[in-house]
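The values are calculated or read from the model by the stated rules, or taken from the named source; none is laboratory data. Given the structure is predicted, the values throughout are model-derived calculations rather than measurements. Here the Cβ positions follow ideal geometry from the backbone for every residue, glycine too, while neighbour counts run over all protein chains shown.
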Ligand code: HEC
Ligand code: HEC
Ligand code: HEC
Ligand code: HEC
Ligand code: HEC
């Protein structure tokens with residue numbers, strides 16, 4: 001009688017549906033996970049189904065079982081379906097078998113659940129999740145990241161990091177963001193300043209702040225808008241230095257963990273910095289204020305302690321600052337062919353025009369450049385034209401994302417001072433201390449121009 005009743009308990013339609021759902025989703029889950037590990041499901045959305053959808057169905061199934069059992073039990077109690085409470089009697093072989101069965105079944109369920117949960121978290125930390133599932137908002141950074149020196153460093157290694165606190169903080173932020181994506185409610189473009197941990201916990205995992213780089217030579221080549229795309233080259237020795245050099249001086253002096261540079265910024269992109277304070281390793285303090293800044297402006301600003309990110313803000317996903325810069329770099333790299341007359345001028349013009357969509361832009365670049373050379377007299381190198389069209393299209397695809405309002409120069413690069421203010425946010429000569437000294441704007445403190453281009 002007792003066994004009959006217990007079997008009877010799960011016979012509530014809800015409990016039966018729950019068992020069905022849980023079993024079916026578990027079987028499908030195992031099959032799909034196997035398929036994924038065998039590489040049979042390369043689609044990035046597959047993860048969404050396998051690691052989020054199926055576990056949810058499984059969970060719903062599991063929850064339905066006790067619910068159905070409770071309903072059934074109440075019905076029995078009310079005398080609607082039967083008249084007795086079950087008696088669990090382990091002296092009976094059948095009860096022991098069922099008990100064991102339930103225990104094994106529960107254990108298997110827990111294992112499935114853990115595997116699914118681990119897979120879910122793991123997969124949600126992959127750049128594929130960040131860049132492809134969250135396709136539209138993260139597309140610019142994902143595309144730029146794929147072509148950067150940090151492309152083997154995953155998004156979460158910089159943006160989330162290790163440890164329980166970071167995990168909870170960024171997973172809650174992540175849920176909020178997922179909600180914004182689902183409801184299609186997020187800023188376009190995504191603001192350039194991200195909620196990052198202190199850089200020593202991110203960059204410091206791989207880079208040694210006290211490492212001294214010494215001097216580094218950099219060469220920049222630019223091209224004219226004339227027929228010959230005339231080249232000019234600037235070569236400079238950057239005094240990177242660092243805390244570990246004998247003087248401890250140079251650009252990486254700021255990265256010395258034993259000193260502290262605090263500043264106040266008054267705009268969202270941290271481009272306006274009217275106040276700076278240095279606390280040196282010997283404890284001495286110096287404060288610099290920009291010319292003409294008022295106490296009211298300072299009070300309205302926000303404070304921050306300088307670290308690697310204040311200079312290396314586009315380190316993993318840089319969008320070119322201008323079409324000119326992007327074309328110049330491609331001419332130097334040989335993608336856009338300097339042998340085509342006026343290619344610099346025409347390339348920049350095509351990239352700067354505004355287009356309805358990426359497809360429209362790619363077509364227009366193709367037709368535009370070919371069309372231009374049809375009107376030119378003289379022999380045109382067909383292979384060079386082919387290659388240049390492709391290179392210009394690539395520049396467009398890597399830097400312009402019409403849906404996200406991302407284009408050249410949307411994100412400032414703080415490392416130099418030509419197209420963005422960069423170093424000159426502080427080193428503009430206008431930030432002075434009470435003793436009259438100012439944050440240096442002397443070109444030679446940062447770099448020396450070389451007369452000869454190496
Ligand atoms: C090497 C470290 C690093 C990696 C890897 C990295 N980022 Fe970033 N990311 C940064 C830094 C630094 C900023 C700027 C933060 C600041 O200025 O507050 C940033 C900013 C952003 C922003 C804000 C908009 C912008 O461009 O400034 C987005 C969105 C973003 N990252 C997405 C991604 C995605 C998606 C990936 C992976 C495809 C990724 N990041 C990989 C370091 C990284
Ligand atoms: C998981 C390890 C890792 C993390 C985290 C990391 N980097 Fe790197 N970084 C590398 C490696 C490896 C290279 C060399 C890549 C190469 O040369 O191909 C590199 C190269 C660089 C370079 C020189 C190349 C370039 O893009 O100019 C800079 C600058 C740099 N990292 C800064 C940073 C900063 C700033 C952060 C923190 C936001 C950071 N890195 C976080 C591993 C890392
Ligand atoms: C004051 C601005 C500034 C700060 C702060 C700063 N850097 Fe740099 N860093 C630079 C500049 C400028 C370069 C040279 C850029 C170039 O390659 O043209 C550079 C270059 C580098 C390079 C490449 C060196 C090489 O061998 O070519 C790495 C790696 C690096 N920085 C890591 C870091 C890390 C990690 C931090 C934080 C601990 C940091 N930087 C803080 C300005 C800064
Ligand atoms: C937030 C403000 C700020 C920014 C941004 C900034 N610096 Fe500085 N920098 C300072 C301060 C403050 C000093 C110390 C001034 C002094 O000692 O007179 C300094 C000192 C220096 C020095 C001299 C260090 C020494 O004593 O040897 C160099 C070189 C330098 N900065 C380079 C750079 C470069 C390159 C950039 C951009 C990539 C940059 N700084 C961005 C605030 C800044
Ligand atoms: C606070 C440090 C600092 C000061 C002061 C400074 N520069 Fe620079 N400069 C830099 C850095 C950093 C770069 C970027 C190097 C890079 O792109 O990797 C740069 C790049 C340049 C370039 C190359 C531009 C390019 O196309 O990338 C030129 C030219 C230049 N500076 C000229 C000057 C002149 C002239 C002065 C003096 C009026 C000056 N700079 C003052 C830090 C400084």
### Query
Any idea which residue in segment 411-439 is nearest to ligand 3 (Cβ to nearest atom), counting only those that are assigned to a loop (DSSP other than H, G, I, E, B) and touching a helix residue (DSSP H, G or I) at 6+ places or on another chain (Cβ under 8 Å)?
415
### Task
For segment 341-351, indicate whether the set of residues that are over 28 Å from residue 233 (Cα atoms), away from ligand 5 (no atom under 16 Å from the Cβ) and part of a loop (DSSP other than H, G, I, E, B) is non-empty.
no
### Query
Which members of segment 408-417 meet the condition of being in contact (Cβ under 8 Å) with a residue 60 or more places away in the chain and away from ligand 2 (no atom under 16 Å from the Cβ)?
408, 409, 410
### Residues located in segment 363-381, provided they are surrounded by fewer than 18 Cβ atoms within 10 Å (Cβ to Cβ), in contact (Cβ under 8 Å) with a residue 24 or more places away in the chain and part of a helix (DSSP H, G or I)
366
### Query
Residue check: is residue 453 within 15 Å of ligand 5 (Cβ to nearest atom), modelled with pLDDT under 95 and either part of a strand (DSSP E or B) or closer than 29 Å to residue 147 by Cβ (or both)?
yes
### Task
Show the residue pairs that are 6+ apart or on different chains and have beta-carbon atoms under 6 Å apart, the first residue being within segment 93-112 and assigned by TED's automatic domain parsing to the domain that holds residue 27, the second being in a helix (DSSP H, G or I) and modelled with pLDDT of 80 or more.
112/26
### Query
Within segment 398-405, can one find any residue that is closer than 30 Å to residue 274 by Cα and either within 26 Å of the chain's Cα centre (by Cα) or in contact (Cβ under 8 Å) with a residue 24 or more places away in the chain (or both)?
yes
### Task
Give 17, 31, 24 a once-over and let me know the one that is at pLDDT 80 or above and exposed (fewer than 13 other Cβ atoms within 10 Å of the Cβ).
31
### Query
Are any residues in segment 286-339 touching a residue at least 60 places away in the same chain (Cβ under 8 Å), in a loop (DSSP other than H, G, I, E, B) and in contact with a strand residue (DSSP E or B) (Cβ under 8 Å, 6 or more places away or on another chain), and if so, which ones?
291, 319, 338
### Message
Name the residue that is surrounded by the most Cβ atoms within 10 Å (Cβ to Cβ), counting only residues in segment 286-314 that are away from ligand 3 (no atom under 16 Å from the Cβ) and under 27 Å from residue 203 (Cα atoms).
### Response
301
### Message
Condition first: crowded, with 16+ Cβ neighbours inside 10 Å and at positive phi. Can you find one or more residues in segment 325-343 that meet it?
### Response
yes
### Task
Considering only segment 364-380, state which residues are at pLDDT 95 or above and touching a helix residue (DSSP H, G or I) at 6+ places or on another chain (Cβ under 9 Å).
364, 365, 366, 368, 369, 370, 372, 373
#### Entry: Residues of segment 181-192 satisfying the condition of being in contact (Cβ under 8 Å) with a residue 12 or more places away in the chain and touching a helix residue (DSSP H, G or I) at 6+ places or on another chain (Cβ under 9 Å)
181, 186, 188, 189, 190
